[in-house]
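S.K.: Just dropping this structure here.
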Amino acid sequence: MKKKNVMIIVCVVLLLIGIGVGSALFLLNRSKNDQEPTNEINNKVVKEEVEVEVYSSVLEVSDFFVTTTNVEDASIAYFLNDEEVSFSDVYNKIGEFKVVIKDKDTEYQTILQVIDKESPQLEVQEVTTPQNSTYEIANFVVSCVDNSKEECILEYKDNAMGNYQEIGEYPIVILAKDQTGNAVQKETKLTITKDEQEPIKQNSSTTNNASSNSNTSNNGSSSNSSNSSSSTTNSNSTTNNPYKSYYTKTRTQKEDFKYGVKAVKEITDYYRVKQDNSEELYDSRIISTTYDYSSYNGTTATLKLEAIENASKYSGMANEVVSLVNELRTSLNKSTLSLDSNLTTMAMIRAMELSYGNTFSHDRPDGSSCFTLGYEFGQLFYAENIAHSQSTPNAVFTSWKNSSGHYQNMIGDYTKIGIGINYFNGRYYWVQVFGY
């Protein structure tokens, strides 16, 4: 009897050991399965986000996946604020884009961040000029190229550097910024002499993609290309000097800009006359650029895409304006405003109308009220603040805060706000719209 009981106990123990080992193997196998990626579909894992520099080459579809995968037949689409955007060879727009990839019956979604972190590439040169001559910031710039393909913003590090008149040598520091705030500076030299044998001396082969606050105007011009002025300087002939005189001609050149606006450039051509009286053009400089707004034809439909792009491009500055407004409202026990995407698109359009349409007014370029824009979007706004020329969010906020009408709009009983910003012709244009 005792032997029988022992056998029963042994069998029970062996059974329990078997159950324990089986359970352990089951849990181990389950643990291995749990370690597989949860976002894997058909062995394809899409990246959560991809970041590229503006104007870099368009990525292959496979670049959006964690591992190399066969997606040769997949289609890809990009969206900015639910508006589809197309890219051909390069990513030429800054912003955060939703990426939708369709591979047979499977759809993947991810985010593409197109950013601009690179400073402009600036090349400068020394300048020598007679005492009674003038010089411009562009004379010091051989080239300024930004990867965004937009114009560089040129400034002297110290405004006094643009006003030297006495004979001598002066250090010059040129600042070049792009429209997202990346900056670079280069040092060069200005020499002012009594020698009047030739105009400003500089390299003859130049490429300048830049704009300067000191060389721009808001007054448009409609003149056609023509020689408008000239000056001549003689030089004493010597055996070492192959040129006996120098002269300049100034002409205007009109080019298409956008939305019917024309860019009118005043260009100075530099010539020199050899001892045998033959002439050669050795340099050309854009002295100023003005704009002819008489044929402006921008509409809500044509401006909208750039407005959406600008909402992404200037998002950092816009958010800073909203933060300043909400700090003011909080100090007065007012509820904070939320930044609304539709209101922001409308504000961006208004900023473009102010700048490209050359109408600094609460009326639109076609003469209608600014509030008609809300009817086109199906979402009304009830107050608008506008400003121009302030270079930072804090500067424009302070300007509005110190004006009673603008101040009342910022502390009004609204719940939503839209911010518009556009940099054009050497200055920023700012817009706030308020709604519910």
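S.K.: Just one of Asn163, Asn139 is open to solvent by 60 Å² or more (accessible area, probe 1.4 Å) and among the polar types (S, T, N, Q); which is it?
M.R.: Just a single option satisfies the conditions, and that option is Asn163.
S.K.: So the check is Cβ under 9 Å with 6+ separation or different chains; which pairs have a first residue in the range 80-107 that's free of Cβ contacts under 8 Å to residues at least 12 places away in the same chain and a second one that's β-branched (Val, Ile, Thr)?
M.R.: Final answer for the pair search is Glu107/Val100; Glu107/Ile101.
S.K.: Ok, one more. From the list Val50, Val66, which residue is in contact with a Leu (Cβ under 6 Å, 6 or more places away or on another chain) and either surrounded by fewer than 17 Cβ atoms within 10 Å (Cβ to Cβ) or within 30 Å of Cys144 (Cα to Cα) (or both)? Working first, answer last.
M.R.: On the way: Val66 fails: in contact with a Leu (Cβ under 6 Å, 6 or more places away or on another chain).
Matching residue, one of Val50, Val66: Val50.
S.K.: For the range 379-436, give me each residue that is of a type in the set (A, V, I, L, M), more than 18 Å from Ser361 (Cα to Cα) and assigned to a helix (DSSP H, G or I). Don't jump to the end; show me each part of the working.
M.R.: If we filter the range 379-436 for residues that are of a type in the set (A, V, I, L, M), which is where we start, we get 380, 383, 386-387, 395-396, 410-411, 417, 419, 421, 431, 433.
After this cut, where a residue has to be more than 18 Å from Ser361 (Cα to Cα) as well, the list is 380, 395, 410-411, 417.
Correct list: Ala395, Met410.
S.K.: Considering only residues that are hydroxyl-bearing (Ser, Thr, Tyr) and open to solvent by 40 Å² or more (accessible area, probe 1.4 Å), which ones fall in the range 247-261?
M.R.: Tyr259
S.K.: Search the range 258-272 for residues that are of a type outside the set (Phe, Trp, Tyr) and outside any strand (DSSP E or B) and pair each with any residue that is at pLDDT 90 or above and open to solvent by 10 Å² or more (accessible area, probe 1.4 Å) when their beta-carbon atoms are under 7 Å apart and the residues are at least 6 apart or on different chains.
M.R.: Gly260/Ser295; Gly260/Tyr296; Gly260/Asn297
S.K.: Going by the structure shown, is Glu118 touching a residue at least 60 places away in the same chain (Cβ under 8 Å), charged (D, E, K, R), under 30 Å from Val66 (Cα atoms) and open to solvent by 20 Å² or more (accessible area, probe 1.4 Å)? Full working, then the answer.
M.R.: Values: touching a residue at least 60 places away in the same chain (Cβ under 8 Å): yes; charged (D, E, K, R): yes; under 30 Å from Val66 (Cα atoms): yes; open to solvent by 20 Å² or more (accessible area, probe 1.4 Å): yes.
In short, yes.
S.K.: Out of all the residues in the range 378-396, which are open to solvent by 50 Å² or more (accessible area, probe 1.4 Å) and either acidic (Asp, Glu) or in contact with a helix residue (DSSP H, G or I) (Cβ under 6 Å, 6 or more places away or on another chain) (or both)? Break it down into steps so the answer makes sense when it comes.
M.R.: Going residue by residue through the range 378-396, those that are open to solvent by 50 Å² or more (accessible area, probe 1.4 Å) are 378, 380, 382, 388-389, 391-392, 394.
Passing the criteria: only Leu380.
S.K.: Can you pull out every residue in the range 86-109 that is assigned to a loop (DSSP other than H, G, I, E, B) and either of a type in the set (Ser, Thr, Tyr) or under 29 Å from the mean Cα position of the chain (by Cα) (or both)? Talk me through it step by step, then tell me what you get.
M.R.: Our first condition is that a residue be assigned to a loop (DSSP other than H, G, I, E, B); within the range 86-109, this holds for 86-89, 91-94, 104-105.
Of everything in the range 86-109, those that are assigned to a loop (DSSP other than H, G, I, E, B) and either of a type in the set (Ser, Thr, Tyr) or under 29 Å from the mean Cα position of the chain (by Cα) (or both) turn out to be Ser86, Phe87, Ser88, Asp89, Tyr91, Asn92, Lys93, Ile94.
The values are calculated or read from the model by the stated rules, or taken from the named source; none is laboratory data. In this text, all values refer to a predicted model and were calculated from it rather than measured experimentally. Cβ sites come from the backbone with ideal geometry, for glycine too, and all protein chains shown count toward neighbours. We work out accessible area using only protein heavy atoms, side chains counted, and drop any ligands, DNA or RNA first. Shrake-Rupley method; radii C 1.70, N 1.55, O 1.52, S 1.80 Å.
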